[in-house]
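Inspection log for the structure reproduced underneath, given as structure tokens.
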């Protein structure tokens, strides 16, 4: 059985990773904007003093969370795209990988939505914006490659196609969160991506 002092023995990198996981777990069941350092410390079974030895401020905690999200989400999307046989297959693989990531870690999209809505330019918000920009860059490259390969219509607006791709996933996430059933994203993903691909695919 864990005691309140056991987690404090963790090395710095491991403690930071545990903190990030605690925030993501809390965000899955509560409003991310209302998560306090006290709640994070309680979730980790440590004191706030121990928490602040590894993250000096609450903003630093959120920045650490966004850094983790950037590495893990974009890493999964890159791996999915790299394993695909064609540009259109890569788009589908990225779509499914993102949906799966959101289903497994529903706290992550809630955190992203929350950060992007915050007023001002906080470090975490800037990182959230950077993640979205890097995501868009990857999709742009895939779509342009698909055009060159003759799989996708050359006259489609790439910027609009990227926005629609991301917006489709965000729509699935919002509906699932409202319904209180994140697994429904997987059930709806096939139909949504099928409609998306039909709209950008090159026709004979």
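Values quoted throughout were computed directly from the atomic coordinates according to the rules given, and no laboratory measurement underlies them. From a predicted model like this one, the values you see are computed outputs, not experimental measurements. Reconstructed Cβ throughout: ideal geometry from the backbone, glycine too, with neighbour counts over all protein chains shown.
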**Item:** Helix axis angle, 158-179 relative to the chain longest principal axis, alpha carbon, degrees
**Value:** 50
**Item:** Compactness relative to 2.2 N^0.38 Å, alpha carbon Rg of the stretch 5-107
**Value:** 1.27
**Request:** With a Förster radius of 22 Å, plug the Cβ-Cβ distance of residue 137 and residue 60 into 1/(1 + (r/R0)^6) and report the FRET value to the nearest 0.05.
**Result:** 0.25
**Item:** With Cα atoms, 0 to 90° folded angle of helix 58-82 axis to the chain main axis
**Value:** 30
**Asked** Relative to the longest principal Cα axis of the chain, at what angle does helix 184-200 sit, 0 to 90 degrees, rounded to 10?
**Response** 40
**Message:** Could you tell me the extents of the stretch 57-200's C-alpha atoms along the three principal axes, largest first, rounded to whole Å?
**Reply:** 51, 29, 27
**Complete:** Per-residue Cβ contact counts at 10 Å, fewest first, order 126, 15 as 126, 15
**Message:** If you average 1/r across every pair of different Cα atoms in the stretch 60-123 and take the reciprocal, what Kirkwood value do you get, in Å?
**Reply:** 12.9
**Message:** Suppose R0 equals 30 Å. What FRET efficiency, 1/(1 + (r/R0)^6) with r the Cβ-Cβ distance, do residue 145 and residue 170 give to the nearest 0.05?
**Reply:** 0.80
**Prompt:** How much mean residue ellipticity at 222 nm does the chain get from its helices, if each DSSP H run of length 4 or more adds -39500 (n - 2.57) and you divide by all residues, to the nearest 500 deg cm²/dmol?
**Reply:** -24000 deg cm²/dmol
